[in-house]
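Student: The structure is given below, and queries will be raised subsequently.
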Amino acid sequence: MVRVIPIASSIRPSLSSFRLIGGSRFFPSLSSCGPFRPISFSHLGSAIPQSHSFGLKAPRLLRRDGSRTGLIATGIVCQASTAASPENVLEWVKQDKRRMLHVVYRVGDLDRTIKFYTECLGMKLLRKRDIPEEKYTNAFLGYGPEDSHFVIELTYNYGVDKYDIGTGFGHFGIAVEDVAKTVELVRAKGGKITREPGPVKGGKTVIAFIEDPDGYKFELLERGPTPEPLCQVMLRVGDLQRSIEFYEKALGMELLRTRDNPEYKYTIAMLGYGPEDKSAVMELTYNYGVTEYDKGNGYAQIAIGTDDVYKTAEAVKLAGGKITREPGPLPGINTKITACLDPDGWKTVFVDNVDFLKELE
């Protein structure tokens, strides 16, 4: 069953969203795909090439002369299992070369947002692409090149000037050397300050909160020089332990720390592929007694690099996740991806590492 929200047909972040065409088939909407053609994804299904099956060998077959090449026990041919064990999958996920590539969300005025991010937050416009036949434009911004940094991918859909951010999305985190100075710059540019600079409740780190022109919140964290200033994506979840287990097993992230704040009735968990001061991380927040959130239609997903989208899809399924796009190449550019939903419905797209670098070229 496909749940369609108003304006959904015009929302198309690259590498992830799928447009409903002619009934039940989904086709990826990427800027580099060109015009859509009727292409069947049936060959992607659940059939996984042997090279992607965690070293398991296919069962041997009958020779033409009738002799069996497999093992025979009490008249029954013993066939190798076609499914990998959970232990093998988990071990592979730990060894996979993963990193957070970009976060995707939708904005109502692309030029206005680019101006705010570059002038107030010090980001650089890395690239921009317009797809008039599909009526959307993407802009990539960040603090370093895409092949080594976590970046933002903005999507502007022609004619859509406002989105519902919902209650589930929390904020993005940016590390700065002087929070107060950054806040004054934002204020001077007409930006909205929602929390003045000061120590975090129950801690010493100086923080502040601001909003961009579309209402997306950014937490400014005072830190020394860091290779990854765009450092956090905060999402709210209904069962923190369930989410931690999923992000560890399916996404291969490491639980870096948890913090419970009973005074304000919430608990957070920080997960990622490296330490918080050197890499981007996910901040999952559980508010006591709240099990569901409205996700709106503004925030889209994060993209994560992987060495093998086929094995990744197996791991997601074994961890209880829902695959929304079976692994395989995208039409037109052949970049291999797979997409899934976590237990709360937050979307993640996995992109083949080699294909991603080729696409950047």
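Student: Return yes or no: is residue 249 basic (Lys, Arg), in contact (Cβ under 8 Å) with a residue 24 or more places away in the chain and closer than 21 Å to residue 102 by Cβ?
Tutor: Judged against the criteria, residue 249 is not a match.
Student: Residues that are modelled with pLDDT of 95 or more, aliphatic (A, V, I, L, M) and more than 23 Å from residue 253 (Cβ to Cβ), at least 2 per element: which strands (runs of 3 or more DSSP E) completely within segment 142-233 meet that?
Tutor: Output list reads 206-211.
Student: For segment 187-196, state whether one or more residues are more than 27 Å from residue 127 (Cα to Cα) and in contact (Cβ under 8 Å) with a residue 24 or more places away in the chain.
Tutor: Taking every residue of segment 187-196 in turn, none turns out to be more than 27 Å from residue 127 (Cα to Cα) and in contact (Cβ under 8 Å) with a residue 24 or more places away in the chain.
Student: Return yes when residue 118 is part of a loop (DSSP other than H, G, I, E, B) and polar (S, T, N, Q) and no when it is not.
Tutor: Details: part of a loop (DSSP other than H, G, I, E, B): no; polar (S, T, N, Q): yes.
When the stated conditions are applied, residue 118 does not pass them.
Student: Could you pull out the residue among 96, 161 that is crowded, with 18+ Cβ neighbours inside 10 Å and of a type in the set (Asp, Glu)?
Tutor: Values: 161 fails: crowded, with 18+ Cβ neighbours inside 10 Å.
Exactly one of 96, 161 is crowded, with 18+ Cβ neighbours inside 10 Å and of a type in the set (Asp, Glu), namely 96.
Student: When both residues are 6+ apart or on different chains and their Cβ atoms are under 9 Å apart, which pairs have a first residue that lies in segment 348-359 and is touching a residue at least 40 places away in the same chain (Cβ under 8 Å) and over 22 Å from residue 299 (Cα atoms), and a second that is of a type in the set (S, T, N, Q) and surrounded by fewer than 19 Cβ atoms within 10 Å (Cβ to Cβ)?
Tutor: What qualifies is 359/32.
Student: For residues that are out of contact with any Phe, Trp or Tyr (no Cβ under 7 Å at 6 or more places or on another chain), open to solvent by 30 Å² or more (accessible area, probe 1.4 Å) and under 19 Å from residue 250 (Cα atoms), scanning just segment 62-93, find the one that is modelled with the lowest pLDDT.
Tutor: Per the criteria, the residue is 83.
Student: State yes or no: is residue 122 in contact with a Cys (Cβ under 6 Å, 6 or more places away or on another chain) and either open to solvent by less than 10 Å² (accessible area, probe 1.4 Å) or in contact (Cβ under 8 Å) with a residue 12 or more places away in the chain (or both)?
Tutor: no
Student: Under the condition of being open to solvent by 70 Å² or more (accessible area, probe 1.4 Å) and touching a residue at least 24 places away in the same chain (Cβ under 8 Å), which residue from segment 197-221 is farthest from residue 261 (Cα to Cα)?
Tutor: 217
The values are calculated or read from the model by the stated rules, or taken from the named source; none is laboratory data. The structure presented is a predicted model; accordingly, all values stated were derived computationally and were not measured. Quick reminder, even Gly has a Cβ in these numbers, built from the backbone with ideal geometry, and neighbours come from all protein chains shown. Heads up: the accessible areas ignore ligands, DNA and RNA and are worked out on the full protein's heavy atoms, side chains in. Shrake-Rupley method; radii C 1.70, N 1.55, O 1.52, S 1.80 Å.
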